[in-house]
1. Report, to two decimal places, the Cα Rg of segment 253-379 normalised by 2.2 N^0.38 Å (N = number of residues).
2. How big is the dipole moment of the chain about its Cα centre under a simple scheme where the beta carbon of each Lys and Arg is +1, that of each Asp and Glu is -1, and everything else is neutral? Debye, nearest 20, please.
3. For the pair residue 251/residue 40, report the inter-label distance in nm, with labels modelled 7 Å from Cα in the Cβ direction.
4. Per 0.36 nm of contour for each residue apart, how much would the distance between residue 354 and residue 4 grow if the chain were fully extended, relative to their Cα-Cα spacing?
5. Using helices alone, what [θ] at 222 nm do you get for the chain, with -39,500 (n - 2.57) per DSSP H run of 4 or more residues, divided over all residues and rounded to the nearest 500?
6. Over the alpha-carbon set of segment 51-269, work out the extent along each principal axis and list the three values in angstrom, largest first.
7. Averaging sequence separations of C-alpha pairs under 8 Å and six or more residues apart, then dividing by the length of segment 51-269, give the relative contact order as a whole percent.
8. With label points built 7 Å along Cα→Cβ from the Cα atoms of residue 17 and residue 33, find their separation and express it in nm.
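Coordinate-derived values only; no laboratory data. Just so it is clear, the structure is predicted and the values come from calculations on it, not from any experiment. Note that each Cβ is placed from the backbone with ideal geometry, even for glycine, and that neighbours are counted across all protein chains shown.
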Amino acid sequence: MKIAPFKLERYFAKHEFSAPYLLCTSDCESMELRELLEFEPDAADRFASLWLGYTESLGDPELRQAISTLYNGITSDQVLVHSGAEEAIFIFMNIALSPGDQVIVHAPYYQSLGEVARSIGAEVAEWTGDPAHAWELDIEDLKSILTPRTKVVVVNFPHNPTGLLPGFEFVRELSELSEKHGFIIFSDEVYRGLELDPSERLPSMADMNNRAVSLGVMSKTYGLAGLRIGWISTRNKHLFSELAAFKDYTTICNSAPSEFLAILALKNADTIVERNLQIIRRNLDHLDAFFKIHEDMFIWHKPKAGSVAFPALLKGTVTQFCTDLVQKAGILLLPGTLYNEELNSFRIGFGRRNLPEAIQKFEDYLQSNLVLFQGLTDSNN
C-alpha cells in the first residue's frame, strides 16, 4: 500500500506550532486537565488510581455506553472506539473497499476520506457542493455519479471546511438511495452538536440507516483533541465485526487515561458543548462584521453549524495570500488549494477564544497592504 502525502497535515506540521495566530483550526477551544477533572469531586483521585494495563479492544464498556447516548437507536454494543477519527477512517476504507470499487466523496473533503480509498485501488468520485449557493449539495448530482460499482458514499455534516448543514429531507433521500442501490453511507459527524439552532440538528445516519456507519470524535465538538479518542457507530453487524477484527492490526486497544477522561467529558457533554457554542456565537459576530467591511475582498457564507467556514478570496491567489499573511502577520489560514488546486478559498476556524485578537491582527494586515490589494483590483480589471 502506497499513499500520497497528506497535504493538509504537512501544512500544519510546518506552521501550527510556530504561527502565533491559528485562524484555521478545525477544533473547538480545549481545556486543561484540571478543568476537566473538576467536573466531578472525586475524579482527580479516581484518575490518579487508574490501572494502566491493557484496555478492552472494543473500548471501555462505560465509554461505549456514554457514546451510545449521543444517538437515538444505537446501543453500546454497536459502538467501536478508536484512537482518533483517523484510525476509524483507515480501518473502514480497508474493510469496505476493494480494488475497482467506486467511492463517492462529498467534496471538498478531508484528504483521508478519499486518499485511503484511492491507495487501496478504489476509484474516487467527487460529489461537490455549489459554492455560489453556500456549498449546497444536489441529490440529483449524486444520482448521476452512482454506478453499479459504488460501494460507499462519504458525507460530512456539518461539513468541514464549508460549514454546510443540509435539511432533514435531504438526508432522508440519501438514506433511501442507499437502500435502493445498496451502497454504505459513511457519515462523518465529528461536528454534530455544534448547530447554532439545535432544532436543525440532523439525526445520525447510523440511526436512520441499517447499513450506515457514523463517525464521531472527542476533538471537534468537545475540543479534546489531545485525548485521541474517536469512534464509529453502526447497526451493520457483519461490518462491525470486520472493523473490530482489523483493529487488531492497528492500535489493538486505546489509552486507558484517554478513555477515562473521555467518559468524564461525555458525562458533562452538555456543559462543554454549550461553552463551545458560546465561543462560536461570539466569534461569528466578529466574523460577520469583519467580512461585511471587506465585501470587496471576500465572499462570506455564515455557516449554520460547526466551527469552520470557507470564504472565497476575490483578489489575488489564495496560496500567495495565505503565505504572505503568515509571514507578515503570523496568522495561519488554510488555503483551499490543499483540498483542490482550483479552489480560491480558505478555511477559517472560529472555535477558539483568541479569534477577536487574531481578527484584529488580520484587519491590521489588510490595512497595511491596501496598496497591494488595490493593485490586484486594477490588474483584474
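1. Details: Rg = 17.7 Å, N = 127, 2.2 N^0.38 = 13.9 Å.
It is 1.28.
2. 460 debye
3. 2.0 nm
4. Values: separation 350, 0.36 × 350 = 126.00 nm, distance 3.36 nm.
Additional length available on full extension: 122.6 nm.
5. -12500 deg cm²/dmol
6. Taking the Cα atoms of segment 51-269, the three principal extents are 53, 41, 27 Å.
7. 28 percent.
8. The modelled label-to-label distance comes out at 1.8 nm.
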